[in-house]
1. Please go through the range 364-407 and give me each residue that is under 16 Å from the mean Cα position of the chain (by Cα), crowded, with 17+ Cβ neighbours inside 10 Å and over 18 Å from E293 (Cα atoms), ordered by number.
2. Given the structure, is D179 in contact with a strand residue (DSSP E or B) (Cβ under 6 Å, 6 or more places away or on another chain) and at pLDDT 90 or above?
3. I'd like the full set of residues that are touching a Pro at 6+ places or on another chain (Cβ under 8 Å), closer than 30 Å to L351 by Cβ and within 15 Å of the ligand (Cβ to nearest atom), limited to the range 289-321.
4. Can you tell me which residues in the range 9-22 are modelled with pLDDT under 85 and either surrounded by fewer than 16 Cβ atoms within 10 Å (Cβ to Cβ) or among the hydrophobic types (A, V, I, L, M, F, W, C) (or both)?
5. Looking at (1) among the small types (G, A, S); (2) in contact (Cβ under 8 Å) with a residue 40 or more places away in the chain; (3) under 30 Å from T113 (Cα atoms), find the lone condition where G236 falls short.
6. Return the total of residues in the range 346-387 being away from the ligand (no atom under 16 Å from the Cβ), more than 21 Å from E278 (Cα to Cα) and touching a Phe, Trp or Tyr at 6+ places or on another chain (Cβ under 8 Å).
7. Answer yes if at least one residue in the range 232-240 is of a type outside the set (V, I, T) and in a helix (DSSP H, G or I), and no otherwise.
Amino acid sequence: PAACPAGPHHPAPEAPGPVPELFSWEFATDPYPAYAWLREHAPVRRTRLPSGVEAWLVTRYGDAKQALADPRLSKNPAHHGQPAHAKSKTGIPGERSANLMTHLLNIDPPDHTRLRRLVSKAFTPRRVAEFAPRVQELTDRLIDQFAEKGQADLIHDFAFPLPIYAICDLLGVPREDQDDFRDWAGMMIRHGGGPRGGVARSVKKMRGYLAELIHRKRLEPGDDLISGLIRASDHGEHLTENEAAAMAFILLFAGFETTVNLIGNGTYALLTHPDQRERLQDSLRDGDTGLLETGLEELLRFDGPVELATWRYATEPLTVGGEDIATGDPVLVVLAAADRDPERFRYPDTLDLSRRDNQHLGYGHGIHYCLGAPLARLEGQTALATLLRRLPDLRLAAEPGDLRWRGGLIMRGLRTLPVEFAPAQ
Ligand code: HEM
């Protein structure tokens, strides 16, 4: 692999050496040396996960891209012998057979094609662009709340509330109910990989609330995304109330922790790469947003929020990277490893905000490519640019080694990000 002239780098060891320990505390802090080892010595590897389930980890860019687009790798857990979409009912009037788990990330064509086309009619890049002033206002309001203190935990005070309020606004959840969402989402993020009880209760509350909201919006439609989802039609077909609820839920679920981590990991990377941060700050001061745009993509490649793409299951025997995968086997594409592959990226372990040849896999690839990418870009760019503009001397208030990372399986992000700065208005 290419040696890196500047930032931290993790060249793969010469000899295979011992298999690195995956899913340990050190691994959660910095998984990249282990991923370099896997890419080099076992690029498609059957691995026992902390849950006890065995899955194939795919770590090279070429294999990852191919696997993400392979129709023989299904998203439907039924192919792994799990019940086809859990049986619980939503209690939503007009429900057909689906429930909240029948969402885009759990289904295959032709159902996926139909639902994705319908939601794409409501969740358009134009709707997102029109939302820009509101994201700016939210960002400023959150910074106002800690700017005078000279210190903050950027996860708790900023990265966490911003996406939840943004998506609530977009969906049409009234302001007075948004703090309930903040609490439920907090429960889901805190206990994502831990005790299930609180999470199940929060999901239940959110489900009940969404069912009722959708019912209300059907009677009294507004200009929001939920009303858009109800209205959306394709060749005379509409979403059922249940499908609209599942869609609202996946938009919340897929668009929440990802964006928290985009802002958290992105700010952390900037604060620990002062030369890059200075370049960005200078270009923003000159009114140039070019570096912000390429830079956000680079932050996604360098340390993106989604470490592993969501589960896929082989519907027939297939070969990935020379390994034979049997029917029913789970396959996990390790986006974080693929995006540091020296076969694809020059100096992959260097953060270069102006990187142009940057077809990273941070938003996935193929038919499940992130539907929320335009919103994530808007939130990420607004958040980072506003932080650097309003708190120009922002700095870490902890040693990087003392920060704790969440050791979930799919997501990668910090638990806290303590910062300090000269108090500002
Ligand atoms: C799918 C990443 C933000 C909604 C995906 C996938 C990735 C991803 C990797 C594909 C997963 C797979 O193939 O297994 C991200 C990142 C984000 C982000 C890194 C933030 C930086 C958002 C936001 C929303 C959203 C803000 C919506 C509000 C979705 C949806 C899907 C998806 C609905 C499923 C699409 C489908 O299956 O057709 N995202 N996402 N995401 N994302 Fe995002």
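The values are calculated or read from the model by the stated rules, or taken from the named source; none is laboratory data. Keep in mind that what you see is a predicted model, and the values were worked out from it rather than measured. Cβ: placed from backbone, ideal geometry, glycine included. Neighbour counts: every protein chain shown.
1. Scanning the range 364-407 gives G364, H365, H368, L371, W405, R406, G407.
2. no
3. E307, W311, R312
4. Those that are modelled with pLDDT under 85 and either surrounded by fewer than 16 Cβ atoms within 10 Å (Cβ to Cβ) or among the hydrophobic types (A, V, I, L, M, F, W, C) (or both): P11, A12, P13, E14, A15, P16, G17, P18, V19.
5. Condition (2) is where G236 drops out.
6. 1
7. Taking every residue of the range 232-240 in turn, none turns out to be of a type outside the set (V, I, T) and in a helix (DSSP H, G or I).
Here's the yes/no breakdown for (1) farther than 22 Å from H368 by Cβ; (2) surrounded by fewer than 21 Cβ atoms within 10 Å (Cβ to Cβ); (3) not acidic (D, E):
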| site | (1), (2), (3) |
| --- | --- |
| P125 | no, yes, yes |
| Q145 | yes, yes, yes |
| D169 | yes, yes, no |
| D180 | yes, yes, no |
